[in-house]
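What follows draws every value from the coordinates through simple rules; no lab data is involved. Fair warning: this is a prediction, and the values are worked out from it, not measured in the lab. Quick reminder, even Gly has a Cβ in these numbers, built from the backbone with ideal geometry, and neighbours come from all protein chains shown.
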Amino acid sequence: MAAFQRPQAEALASRLLGPRRFIQVVAGPRQVGKTTLVEQVVEAIGLPVHWASGDEPTLRGDGWIEQQWDTARTLTSKQSSVLVIDEVQKAPRWSETVKRLWDEDSRKRCPLRVVLLGSAPLLIQDGLTESLAGRFELIPLRQWSYREMRDAFGWSLDTYMFHGGYPGAAALVDEADRWQRYIRDALVETTISRDVLLLTRVHKPALLRRLFEIGCRYSGRELSLTKILGQLQDAGNTVTLAHYLQLLDAAGMVLGLHKYAGDIARQRASIPKLQVHDVGLMTALDGVPFAEAKANPDSWGRIVESAVGAHLVRSAASGECELFYWRDGNHEVDFVVRRGKRIVAIEVKSGRRHDGLPGMHAFSARHKVHRQLLVGTNGIAIDAFLLEPVAHWFAD
C-alpha cells in the first residue's frame, strides 16, 4: 500500500480494497484536492478504472450515468473495477439512478466499486439521505490544515495563517496580485456561480454575494441578521439571510456560529458569530498585503483568531465536534467546542489583548468544562495548537 499524503486517501484505499462494498462519496468545497486524492488512490491500488465527469460538455439527459456505469462494468471480470464520477451532483436525478444501478449490481454480485465526487456538499447530502441511505460511506475533504500545507509546501506558520489551506494557490503566494485573483476568480466566483446559484434556488444573487463579503469582513465578530441587512442596505428579511448563510456554509465559505446555551432552540435563535472556513478567503478579499497586515496588530490579531476558528470549523465540518461561541454581557469566550458530553473552552490571544480571562472564568462557573485553553500569547503556541487534531484536547 502506498504512503498517502492525506489520511483520507488511506481510508479510501482500504475501503475500495476491502471485502465490503459501499459507495464511496468524497465531498467538499472546490479546489481542496478531491480529484487529485482519488487519482492518487486508484493509481496506487492498481484496479481498472473508468473516469467520468459531470462537467463534461457531452453530458446529456438521464441516461448519462447509466452509460458510464455500463462502461465500467465491462472492465469487471474476475476482479473489481472502479467507476469514478466527478461532480456527480450535476447529473439529472443522480441519486435515484445510482441507487438503481448499485442495487442491480448487488443482486448480481457484480464487484464494481464506485466513487462519487461532489463540490456542492448540500446537494450531495440531500441525495445521499433521500436515496442512498445504508449504501454509502462519506469521506469529507476540507481546506488543508497547517500540518498538510507545511509538509507539502514547506510553509511557515505566518504564511499559512495569511494564505490559508488551498493547495492550488500555493505556487502563487509570492505574487500577491495573482494569488488574490486566483482566490477571487477560481474559488469564490466559481463556487458562488456554479455550486450555489446554478444548483440552488436563490432569489437575490446580489444579496448572497454581498453576504459573503460581509462574512469575510466581519469574521470573528458577532453580527445580528438585522444589522447585516442594514450593512447590505437590502429590503430582504432575516429568514432569507439565514438561508443564504446556510448555503455559504455548505459551500465551505462562511458560516454563522451559534452561541452556546445548552439548549438547541436558544442556540439557533442567538446572534451569529461570523467565521470564514478558510482565512485565505478573508485576506484575499481584504486586499491588504501580507507585510502590511502583519505590521498592524489589530489586523494580524483578527487573522490569527480567524485562523484558529477555521481550524476548529474544519473539524466540526468533518463531524469530529460541534463548535459554538459564548457571550453574556461583557463576558465572552471565543470558541466553545463540544465532543460528546465534554466541553473545551478556547480563548485566542494574539498579543493585542491583555484583559485576562474573565469570560473563561464566567463560562466555567456556569458550565462543566473539561478543559480551558488559552491559545497564543502566554498560552499554547499557535503552531502547536494548529498541529494537533481537535480530538487531542478532549483526551484525559
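Think of each Lys and Arg Cβ as +1 and each Asp and Glu Cβ as -1; about the Cα centre, that makes the dipole of the range 7-140 roughly 480 debye.
Please give the net charge around W51, taking every other residue with its beta carbon less than 11 angstrom from that of W51, where Lys and Arg add +1 and Asp and Glu add -1. Here the charged neighbours net out to -3.
For the chain, divide the Cα radius of gyration by the Kirkwood radius and give the resulting Rg/Rh value with two decimals.
Using Cα coordinates only, the ratio equals 0.98.
Using 0.36 nm per residue and subtracting the Cα-Cα separation, the extra length available between K341 and A391 on full extension is 16.7 nm.
A cut-off of 5 Å between modelled amide H atoms, ignoring neighbours fewer than 5 places along the same chain, links V254 with D249, H277. Distance between the pseudo-spin-label points of N330 and D298 (7 Å out from Cα toward the beta carbon): 2.0 nm. Length available on full extension from R194 to E213: 0.36 nm per residue minus the Cα-Cα distance, which gives 5.1 nm. Electrostatic tally near R150: other residues with Cβ closer than 12 Å to its Cβ, Lys and Arg +1, Asp and Glu -1, net -3.
If we count every other residue with Cβ under 11 angstrom of V375's Cβ, Lys/Arg +1 and Asp/Glu -1, where does the sum land? My count for the surroundings of V375 gives -4. Net length available on complete extension from A44 to H367 is 111.4 nm, with 0.36 nm assigned per residue and the Cα-Cα distance removed. Assuming charge only on the beta carbon of Lys and Arg (+1) and of Asp and Glu (-1), the dipole of the range 146-394 about its Cα centre is about 880 debye to the nearest 20. Antiparallel beta bridges, as assigned by DSSP with both residues in the chain, represent about 40 percent of the total such bridges. Our helix-only sum for the chain, with -39,500 (n - 2.57) per DSSP H run of n ≥ 4 divided by its residues, gives a mean residue ellipticity at 222 nm of -12500 deg cm²/dmol. Protection proxy ranking of 165-177, 79-91, by the mean of other Cβ atoms within 10 Å over each peptide's residues and highest first, is 79-91, 165-177.
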